[in-house]
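Student: Supplied in structure tokens, the structure appears directly below.
The values are calculated or read from the model by the stated rules, or taken from the named source; none is laboratory data. Because the structure is a prediction, the values reported are computed rather than measured. Neighbour counts are summed over all protein chains in view; Cβ atoms, including those assigned to glycine, are modelled from backbone coordinates with ideal geometry. Accessible surface areas use protein heavy atoms only, side chains included; no ligands, DNA or RNA. Shrake-Rupley method; radii C 1.70, N 1.55, O 1.52, S 1.80 Å.
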Amino acid sequence: MQTGFAAITYERVLETSYHGLIKENETFVEITPLIKVDESKICGFHIIKKNKEIPFQIELVNELGILKAKKTLNCEKRKNYKFDITAVFCDGSHSKSASVHISVIDINEYSPTFLQPSYVTEVDEGRLYQEIIRVEATDKDCTPLFGDVCKYEILTNDQPFTIDNEGSIRNTEPLSHKISHNHILSVVAYDCAMKQSAPVMVNIRVRRVCEAHVMGVAERIDYSANSMESVSLFPKIHLELCDMQCKGDDMVIQSSVSLKTKHISFGCDRDASQCLRRLNEDRAVEGGDAAMTTGLVDLLQKNTDWTKDLTYDEGVESIFHFDGSSGAIVPKNVVQPQDFAAHQFSIVTMFRHHSIASNDKHTKEHIVCSADDHKMNRHHMALFVRNCRLILLLRKDFNDGDLNIFSPAEWRWKIPQVCDNEWHHYTINVDLPKVDLYIDGIRFESNVEDRHSNPEVIDDWPLHAAHGINTTLAIGACYQGSENRLKHGFSGDISEIKLSTRKVLTANQIRCGTDCAEKLLPPADHYLQPEQQIQSNTQMNKIIIEGSNKTNIEQLLQQIQYINSKENPTIGRRNIQVMTTVSCPNKKAIRLPTIDTYIMVTAANNLSGQSSTSSSAASSSSSSSSSGLYNKILVDKPLTTDQKPQIVISGNSNHLVSYPDIKEGVKILAQINISVYTGKDIRAELQKLDSCNVNVFPSLNPDHEEITIDDKDGTDESLFKFDIKTQISKEGVEMIGYDTIENYQHVLKSLVYINKKPAYYLNRVFKLTCSQVDDHFRSAEYTLTLTVLHPKQQPTSSASVAGAAPSSNVLLAISTATSDGGQHGAAVAVDSHDNTNQYAHAMLHSHDVQESQSKVRSSSSALIGHEKLASSHSTMLIVVICASFVLLICGVGIARLRNNSAASGVRGHHGGVAGAAGGHSRNTDKHQPCPKVAPDQQLDWDDSALTITINPMQNDNLSDESSESENSDSEDEEVLNGRYKNVSQLEWDNSTM
């Protein structure tokens, strides 16, 4: 009996293990696999309890074991249950046990809760924080999906704060105690199933931080044109210095007020008419009827027969535009033909030279020129620009001295003002042998390093006699007598050319004509205290106030005034900058934030309609139209918030250009689009603009960069018909004028940027802003980045590298002159294998070691033999034989190379190259380092050390312009067309040939 009972007890009727799942809110357990038995044998199940209470029960239903929970379970208390079950046979015996694993499935029954009921913190105003405060929430659910907090959110709108998924709150902009003392935020948390928590309040208090700054400065100061009255700039200015104090010492306060007028008219409003009238009146008193010949003669006048074909602005200011091919001949009744070298005289001019990178350095651009009227091309007196130098040519007549004696004939001033694309006033006083240059009213003084070379003075023989030939005076170009036409024209804008014959201007007269009519007026002296001082510069556009008493400094600043004494001031904006520093003695100064404001010079009241005076120029009329619009829109019937216009500028933000495109010129704003939104009603008067500014960062380099206007693809209507006045400088483009959006877009899309040396730059940034209604409504800044696509350098083969050195060398050979007046010549030898890089008059010293061709071939043969080495032993034998043969050839080649080197050394020692060029030899020093010359740098060799004297009587090799004034440039210029720098390198007199 015992043996049979034991067999029944251990019979296997169940699986070894079962797995079950039960949700928290349910009692039914899903079992895998099903507990399936035979009811004819099994009558029930039994749960084996060990140490803990098992909250489950099992029943037999339709041959299946159904497992249920006695109550709803809680995953947060216990996630898993494990117990054993056995099947009970109908005779009461038990089967083998099976293990049951049950997992409690979590449901999202809990919401996240914050650890604190509320959060409070304090921050300083004016700062950006990485983290102001961190909030934290938890969730009681047991699984990561429902029990982890995955997101935080700020429900409060329009607050400058943001929160990340970790609960860290930071501000997106500096806070202001004045705007809001505290910010109350409502923050919620989400679990990973996006179940939201109850909101928690976060109170961020803003502490007031006293920052020293200047207060009470208006954003705009209006000044009425033609008022001739001064206006106070800062009547309510106040210095907020907080608690700044110095221990035992007085605080030093320094404030500077600057007037910025560089972009206005000629850099500032100048009014030289009164000075010139007084000058002519004084000369009339001194000379009586001779005043007509001794006064200051205006050579560039409007509405005259000789200037009617020139292009000029229809405004108050006289601005004539010259394109290099235009010019005018001054009639003899204006200035009588005369010998300028025989008497003292003065030239007064104001011009803006358009420095174009593509211009030849040897091109002469004349402002004024006196030359032969026919047959010959001798230049007697000329003022011209050449290679960024202002040059005065003055040839003595044959009656003034010995024809064989040199005398100063050319003065070359190397000054940056000539090529900075800005307006400058120049005065040249000639009282031989003394010649003085005044730039913007200040006498030119060369620095210590250049005192012997700036100005560079060139000597020449006097002009030979030429019977029956008079002179012709021209402006903007020079008269070519043999060709009966104007030549060597000026490229740029000229405002005035005046000539004072037989008398030079005094320093006071020059200063009077160049002083700005608009200036800052300092406070009166009675406002000063003993330890305070006021300084102002000679241009009266900057005032510096220094002292220790804050109250008195404020009082002095309140007394600063602006005045414009010009009869017809330029309408527009003048920027004002206020800079203040506070310091204790012997300590570093603290600079307060810079204050920027501006003076708006508006048209006078009588200009709002039709002006009856001659001051109704294009700029004045456009500004008066804008001023009338200002009164109509903002004064008569102010705009509501919804009606205020918004100027929107759209277009591409990046522009990729290649080398060839940027060298030829790219239209930088071709994709620009400007729109003005004025609420529901589109008001026609608001669909026009007052100004647009294109700023370039960094500033243009006039040597090889420029911005021009190309209207070839435009409409039939010319740009000159627009009411838009455009001024281009190295800082960018400024456009002023009351005109339509379409016309502004037309001008903007016609702007072309040219860069002749794109390898120097990676990108350029252009920023555009536009405004309307007297600058009351301004667009957001539109930024365009112009990126230069640099070409990838192609790898060179060994053969091309070996041949590169001789192809890049240019040899300059100059034959010496014999004592009997032999030929002067220059022989330029260029390697014929490189036709694309022939640079005339450049000497490149190459110290590269050039391998012989035999050596190159041996390397190639060895490489080929190495590739076939593995083919067979017979191939190896052939390779060895070939290598021996190649080595034999190399030995012969090296021997021949040494013989050739020795022979070339002898030739270099005895050749005539070094003798004629003053010691320049082709032989290279093996101890000298090998220079690495980039391809773009091969054009910049300096041949200034060459000094060659040319026979003045020889003209066999001269060019077709040999009779003109062909003057060499200063020490850094190149040789051109066989001509070299020389003391006698001016134009040759062929009158006696």
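Student: Which residue pairs have Cβ atoms closer than 6 Å, lie 6 or more positions apart in sequence or on different chains, and pair a first residue in region 228-255 that is at pLDDT below 90 and open to solvent by less than 50 Å² (accessible area, probe 1.4 Å) with a second residue that is in a loop (DSSP other than H, G, I, E, B) and of a type outside the set (Gly, Ala, Ser)?
Tutor: Here the result reads Cys242/Cys210; Cys246/Cys584, each pair linking region 228-255 to a residue that is in a loop (DSSP other than H, G, I, E, B) and of a type outside the set (Gly, Ala, Ser).
Student: Under 9 Å between Cβ atoms, at least 6 apart or on separate chains: pull out the pairs that start in region 736-754 with a residue that is more than 14 Å from Ser675 (Cα to Cα) and end on any residue that is of a type in the set (Lys, Arg) and modelled with pLDDT of 90 or more.
Tutor: Lys749/Lys667; Ser750/Lys667; Leu751/Lys667; Val752/Lys667; Tyr753/Lys667
Student: Could you list all residues from region 518-565 that are open to solvent by less than 10 Å² (accessible area, probe 1.4 Å) and either under 30 Å from Ser346 (Cβ atoms) or aliphatic (A, V, I, L, M) (or both)?
Tutor: Selection gives Glu518, Leu520, Ile543, Ile545, Ile553, Leu556, Leu557, Ile560, Asn564.
Student: All but one of (1) among the charged types (D, E, K, R); (2) modelled with pLDDT under 90; (3) under 27 Å from Asp305 (Cβ atoms) hold for Lys364; which doesn't?
Tutor: Single failed check for Lys364: (2).
Student: Would a scan of region 155-167 turn up a residue that is touching a residue at least 24 places away in the same chain (Cβ under 8 Å), more than 17 Å from Val120 (Cβ to Cβ) and in a loop (DSSP other than H, G, I, E, B)? Give the derivation first.
Tutor: Filtering region 155-167 down to residues touching a residue at least 24 places away in the same chain (Cβ under 8 Å) leaves 155-156, 159, 161, 163, 166-167.
Next, only the ones that are more than 17 Å from Val120 (Cβ to Cβ) stay: 155, 166.
Okay, now just the ones that are also in a loop (DSSP other than H, G, I, E, B), so 155, 166.
Taking every residue of region 155-167 in turn, at least one turns out to be touching a residue at least 24 places away in the same chain (Cβ under 8 Å), more than 17 Å from Val120 (Cβ to Cβ) and in a loop (DSSP other than H, G, I, E, B).
Student: Under the condition of being within 26 Å of the chain's Cα centre (by Cα) and open to solvent by 10 Å² or more (accessible area, probe 1.4 Å), which residue from region 676-693 is modelled with the highest pLDDT? Outline the logic, then answer.
Tutor: The initial filter retains those residues of region 676-693 that are within 26 Å of the chain's Cα centre (by Cα), namely 689-693.
Pick out the ones that are also open to solvent by 10 Å² or more (accessible area, probe 1.4 Å) and you get 690-691, 693.
Numbers: Asp690: 84, Ser691: 88, Asn693: 91.
Looking at residues that are within 26 Å of the chain's Cα centre (by Cα) and open to solvent by 10 Å² or more (accessible area, probe 1.4 Å), I get Asn693.
Student: Could you please give the count of residues in region 97-111 that are hydroxyl-bearing (Ser, Thr, Tyr) and assigned to a loop (DSSP other than H, G, I, E, B)?
Tutor: Step one: filter region 97-111 for residues hydroxyl-bearing (Ser, Thr, Tyr), giving 97, 99, 103, 110-111.
Still in the list and also assigned to a loop (DSSP other than H, G, I, E, B): 97, 110-111.
Adding up the residues that qualify gives 3.
Student: A follow-up question, please. Which residue out of Ile560, Ile576, Ile553, Ile544 is at pLDDT 90 or above, outside the structural domain of Phe406 (by the TED database) and touching a Pro at 6+ places or on another chain (Cβ under 8 Å)?
Tutor: Ile560
Student: Continuing with the same structure: Filter region 75-96 for residues that are among the basic types (Lys, Arg) and in a loop (DSSP other than H, G, I, E, B); which is nearest to Leu64 (Cα to Cα)?
Tutor: Lys96
Student: Next question, about the same structure. For region 468-489, which residues satisfy the criterion of being open to solvent by less than 10 Å² (accessible area, probe 1.4 Å) and free of Cβ contacts under 8 Å to residues at least 60 places away in the same chain?
Tutor: none
Student: In region 340-355, how many residues are at pLDDT below 90, over 42 Å from the mean Cα position of the chain (by Cα) and open to solvent by 50 Å² or more (accessible area, probe 1.4 Å)?
Tutor: Total meeting the criteria: 2.
Student: Would you pick out the residues in region 727-760 that are open to solvent by 50 Å² or more (accessible area, probe 1.4 Å), of a type outside the set (A, V, I, L, M) and within 21 Å of Glu706 (Cβ to Cβ)?
Tutor: Lys730, Glu731, Lys749, Lys756, Lys757, Tyr760 - these are the residues of region 727-760 that are open to solvent by 50 Å² or more (accessible area, probe 1.4 Å), of a type outside the set (A, V, I, L, M) and within 21 Å of Glu706 (Cβ to Cβ).
Student: Okay, moving on. Name every residue in region 476-511 that is more than 35 Å from the chain's Cα centre (by Cα), assigned to a strand (DSSP E or B) and of a type in the set (S, T, N, Q), in order of residue number. Reasoning before the result, please.
Tutor: Let us first name the residues in region 476-511 that are more than 35 Å from the chain's Cα centre (by Cα), namely 478-487, 498-510.
Checking which are assigned to a strand (DSSP E or B) leaves us with 478-480, 485-487, 498-501.
Hits for region 476-511 are Gln480, Ser500, Thr501.
Student: Among the residues of region 39-59 satisfying the criterion of being among the aliphatic types (A, V, I, L, M) and not in a loop (DSSP other than H, G, I, E, B), which is least open to solvent (accessible area, probe 1.4 Å)? Show your work before the answer.
Tutor: Keep residues of region 39-59 that are among the aliphatic types (A, V, I, L, M), which gives 42, 47-48, 54, 58.
Keeping just the survivors that are not in a loop (DSSP other than H, G, I, E, B) gives 42, 47-48, 58.
On the way: Ile42: 5, Ile47: 22, Ile48: 56, Ile58: 25 Å².
Within region 39-59, the match that is least open to solvent (accessible area, probe 1.4 Å) is Ile42.
Student: Taking region 490-500, which residues are open to solvent by 10 Å² or more (accessible area, probe 1.4 Å) and under 15 Å from Leu296 (Cα atoms)? Can you show your working first?
Tutor: First pass over region 490-500, keeping only residues open to solvent by 10 Å² or more (accessible area, probe 1.4 Å): 491, 495-496, 498.
Matches in region 490-500: Glu496, Lys498.
Student: On to the next question. Test Val335 against the stated conditions and say whether it is part of a loop (DSSP other than H, G, I, E, B), open to solvent by less than 20 Å² (accessible area, probe 1.4 Å) and farther than 17 Å from Asp460 by Cα.
Tutor: On the way: part of a loop (DSSP other than H, G, I, E, B): yes; open to solvent by less than 20 Å² (accessible area, probe 1.4 Å): yes; farther than 17 Å from Asp460 by Cα: yes.
Answer is yes for this residue.
Student: Now for a separate question. What are the residues in region 192-225 that are aliphatic (A, V, I, L, M), free of Cβ contacts under 8 Å to residues at least 60 places away in the same chain and in contact with a strand residue (DSSP E or B) (Cβ under 6 Å, 6 or more places away or on another chain), if any?
Tutor: Step one: list which residues in region 192-225 are aliphatic (A, V, I, L, M), which gives 193-194, 198, 200-202, 204, 206, 209, 212, 214-215, 217-218, 221, 225.
Narrowing further to those that are free of Cβ contacts under 8 Å to residues at least 60 places away in the same chain: 194, 215.
Across region 192-225, the qualifying residue is only Met215.
Student: List pairs: first residue in region 179-190 and over 14 Å from Ile133 (Cα atoms), second residue open to solvent by less than 20 Å² (accessible area, probe 1.4 Å) and among the polar types (S, T, N, Q) anywhere in the structure, Cβ distance under 8 angstrom, at least six positions apart or on different chains.
Tutor: Val188/Ser197; Ala189/Ser197; Tyr190/Ser197
Student: Could I ask something else about it? Exactly one condition in (1) within 30 Å of Leu300 (Cβ to Cβ); (2) modelled with pLDDT of 85 or more is not met by Cys512; state its number.
Tutor: (2)
Student: I need a count of the residues in region 122-136 that are exposed (fewer than 13 other Cβ atoms within 10 Å of the Cβ) and over 38 Å from the mean Cα position of the chain (by Cα).
Tutor: Residues that pass the stated criteria total 1.
Student: Related question: Residue check: is Cys268 within 30 Å of Asp420 (Cα to Cα), modelled with pLDDT of 75 or more and assigned to a loop (DSSP other than H, G, I, E, B)?
Tutor: Values: within 30 Å of Asp420 (Cα to Cα): yes; modelled with pLDDT of 75 or more: yes; assigned to a loop (DSSP other than H, G, I, E, B): yes.
Answer is yes for this residue.
Student: Additional query: Can you list the strands (runs of 3 or more DSSP E) found entirely within region 184-246 that contain at least 2 residues being within 34 Å of the chain's Cα centre (by Cα)? Reasoning before the result, please.
Tutor: On the way: elements: 200-207, 213-215, 220-224, 238-240.
Answer list for region 184-246: 213-215, 220-224.
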